[in-house]
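S.K.: Handing you this structure, nothing more for now.
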Amino acid sequence: MGDSQYSFSLTTFSPSGKLVQIEHALTAVGSGQTSLGIKAANGVVIATEKKLPSILVDETSVQKIQVLTPNIGVVYSGMGPDSRVLVRKSRKQAEQYHRLYKESIPVTQLVRETAAVMQEFTQSGGVRPFGVSLLVAGFDDNGPQLYQVDPSGSYFSWKASAMGKNVSNAKTFLEKRYTDDMELDDAVHTAILTLKEGFEGQISGKNIEIGIIGTDRKFRDFSLIVLTAAEIDDYLAEVE
């Protein structure tokens, strides 16, 4: 029989023990633009491609890296509209925690709450899984942290990870370049080189986004707050 007859039901396991809709959601993630994250000794870098569907689109209106709290940021691969729902729910959860305890939510707890929302959408009738994976970067009392959350609701802490259409090449490149004592600037350079490996066309400050969080515990998005496209181009020049 195979698994095909179960592929339209989210809440029914196939005979092989799979929820086929979750595999389809992972396929949606795998066809998205490449995103990656690197945990350095003194911070975290997340980066992503930002290819626009037309040259007529205003690139300043497209933001793939989002700030969840002042010390936590997120980037996605997959379906952008799905990521907006998760970003909104995560921000709401972080705000509720802050109002109750008068301190910032720990990175691990926010990741766990976000993963719980994604898991809930794998065992409820009348819904579908989120077609998106998230890389969450943060800095709290436990130091720099990087998590990946998948459509199934599973999440893991990573030293460096990638997702999207060029995931296998990107992870292979990161495995060769990553070191535990890597500094933040080195991580930025490595992130750019990793994106460059599978990039189609000319890479520039206008078609990638980079976000960092350092020991000051303030999440900064290069393309939105700190670095302009010209400054990203300066980083690109350094790695060439």
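S.K.: Does Asn142 fit the bill of being of a type in the set (S, T, N, Q) and touching an Asp or Glu at 6+ places or on another chain (Cβ under 9 Å)?
M.R.: Taking the combined requirement at face value, the residue does not satisfy it.
S.K.: In the stretch 187-217, how many residues are open to solvent by less than 40 Å² (accessible area, probe 1.4 Å), assigned to a loop (DSSP other than H, G, I, E, B) and either among the aromatic types (Phe, Trp, Tyr) or touching a helix residue (DSSP H, G or I) at 6+ places or on another chain (Cβ under 7 Å) (or both)?
M.R.: 6
S.K.: I want to confirm something. Restricting to the stretch 206-223 and keeping residues that are modelled with pLDDT of 85 or more and of a type outside the set (Asp, Glu), which single residue is farthest from Val188 (Cα to Cα)?
M.R.: Within the stretch 206-223, the match that is farthest from Val188 (Cα to Cα) is Asn207.
S.K.: So, one more: I'm checking my understanding of the structure. Among residues of the stretch 96-124 that are open to solvent by 20 Å² or more (accessible area, probe 1.4 Å) and of a type in the set (Gly, Ala, Ser), which one is farthest from Gly214 (Cα to Cα)?
M.R.: Filtering the stretch 96-124 for residues that are open to solvent by 20 Å² or more (accessible area, probe 1.4 Å) and of a type in the set (Gly, Ala, Ser), the one farthest from Gly214 (Cα to Cα) comes out as Ser124.
S.K.: While we're looking at this one, here's another question. Residues Glu113, Glu103, Glu95: which one is acidic (Asp, Glu), outside any helix (DSSP H, G or I) and either modelled with pLDDT of 90 or more or in contact with a strand residue (DSSP E or B) (Cβ under 7 Å, 6 or more places away or on another chain) (or both)?
M.R.: On inspection, the qualifying residue turns out to be Glu103.
S.K.: Suppose we filter the stretch 155-186 for residues that are in a helix (DSSP H, G or I) and either within 20 Å of Ser133 (Cβ to Cβ) or open to solvent by 40 Å² or more (accessible area, probe 1.4 Å) (or both); how many remain?
M.R.: Within the stretch 155-186, residues that are in a helix (DSSP H, G or I) and either within 20 Å of Ser133 (Cβ to Cβ) or open to solvent by 40 Å² or more (accessible area, probe 1.4 Å) (or both) number 13.
S.K.: What residue, among those in the stretch 125-142 that are small (Gly, Ala, Ser) and open to solvent by 10 Å² or more (accessible area, probe 1.4 Å), is modelled with the lowest pLDDT?
M.R.: Among them, the one singled out is Gly125.
The values are calculated or read from the model by the stated rules, or taken from the named source; none is laboratory data. These numbers were taken from a predicted model, which means no experiment stands behind them. Using ideal geometry, Cβ is built from the backbone for each residue, glycine included, and neighbour counts are taken over all protein chains shown. These area figures cover heavy atoms from the full protein model, side chains too; ligands, DNA and RNA do not enter into them. Shrake-Rupley method; radii C 1.70, N 1.55, O 1.52, S 1.80 Å.
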